[in-house]
Amino acid sequence: MNLSGRFRMVVLFALLGSALVLLSGCVVGRKTAFNPTDFSGTMHKGTGVVTGRVSVDTQNQGTIHPHYQQIVLVQVNAYTTENVQRRFINGENLHTADKRLLQYERTVNTDGDGHFTFRGVPSGDYYLEGEMPWLTTYMSTDDQGASERLYVSYFKYYFTRISVKDGQTTRVTQFDQRSRERHTHYATGGTLYHPPANVEIFEQ
């Protein structure tokens with residue numbers, strides 16, 4: 001297969017996968033209205049520290065750790081609890097969160113082995129949450145004998161609820177992982193495809 005033919009195949013895979021994703025679950029509305037006053041406790045700088053390591057259990061790859069991936073710390077209230085309960089635990093395809101939420105979230109990136117640290121955190125109850133991505137890869141050969149490497153994307157949500165106190169360090173190593181693994185239902189690859197950086201890749 002020539003380059004243009006391979007490119008068409010990749011596009012076909014992508015379009016098919018997108019259709020399957022759209023059909024796999026309708027977007028559902030949120031029941032809790034966003035209220036900025038519910039986040040008032042996070043507007044000042046505190047003296048608490050939250051640190052730990054993310055470990056995610058997968059069905060086929062064992063326990064893996066995020067490589068330079070974002071992890072979020074957000075105050076516990078009715079709005080964020082609905083998100084955790086319905087999206088992370090129940091697996092519902094919730095409507096995108098209110099854009100104003102971003103200004104109340106604290107974010108850091110893990111290191112290359114899943115470790116993270118938040119500093120200057122005010123006292124309060126928080127959700128610590130993230131999304132663990134990874135890829136599987138394999139070689140595919142078409143009817144003409146041409147081979148190319150293909151990839152399938154996976155991810156899994158994780159979260160935990162913690163309490164932070166000023167002047168103290170909260171250490172986190174255990175996360176709720178009731179969220180099911182999700183994948184794109186299709187493979188992508190070819191000459192023009194480059195896997196995303198900082199995502200672990202497993203040979204299938």
Of all residues in region 188-204, how many are aliphatic (A, V, I, L, M) and at pLDDT below 90?
2
Every residue in region 36-54 that is of a type in the set (Ser, Thr, Tyr) and assigned to a loop (DSSP other than H, G, I, E, B), please.
Thr47
Could you please find all residues in region 55-91 being among the small types (Gly, Ala, Ser) and outside any loop (DSSP other than H, G, I, E, B)?
Ala78
Residues of region 139-151 being in contact (Cβ under 8 Å) with a residue 24 or more places away in the chain and either surrounded by fewer than 19 Cβ atoms within 10 Å (Cβ to Cβ) or not aliphatic (A, V, I, L, M) (or both), which ones?
Ser140, Asp142, Gln144, Ala146, Glu148, Arg149, Tyr151
Among residues belonging to region 95-105 that are surrounded by fewer than 17 Cβ atoms within 10 Å (Cβ to Cβ) and not in a loop (DSSP other than H, G, I, E, B), point out the one that is nearest to the chain's Cα centre (by Cα).
Leu102
Would you confirm whether any residue within region 73-83 is buried (at least 18 other Cβ atoms within 10 Å of the Cβ), at pLDDT 95 or above and of a type in the set (Asp, Glu)?
no
Residues Thr96, Thr80: which one is within 21 Å of Gly29 (Cα to Cα) and touching a helix residue (DSSP H, G or I) at 6+ places or on another chain (Cβ under 9 Å)?
Thr80
Could you list all residues from region 189-200 that are out of contact with any helix residue (DSSP H, G or I) (no Cβ under 8 Å at 6 or more places or on another chain), surrounded by 13 or more Cβ atoms within 10 Å (Cβ to Cβ) and either in a strand (DSSP E or B) or small (Gly, Ala, Ser) (or both)?
Glu200
Filter pass, Val108 being of a type in the set (Val, Ile, Thr), buried (at least 17 other Cβ atoms within 10 Å of the Cβ), modelled with pLDDT of 95 or more and not in a loop (DSSP other than H, G, I, E, B)
no
Considering only region 6-23, I want to know if a residue exists there that is hydroxyl-bearing (Ser, Thr, Tyr), at pLDDT below 90 and loosely packed, with under 13 Cβ neighbours inside 10 Å.
no
Read through the list (1) among the hydrophobic types (A, V, I, L, M, F, W, C); (2) touching a helix residue (DSSP H, G or I) at 6+ places or on another chain (Cβ under 6 Å); (3) modelled with pLDDT of 95 or more, then give the number of the only condition that Val54 fails.
(2)
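The values are calculated or read from the model by the stated rules, or taken from the named source; none is laboratory data. Since the structure is predicted, the reported quantities are computational estimates derived from the model, not experimental observations. Cβ sites come from the backbone with ideal geometry, for glycine too, and all protein chains shown count toward neighbours.
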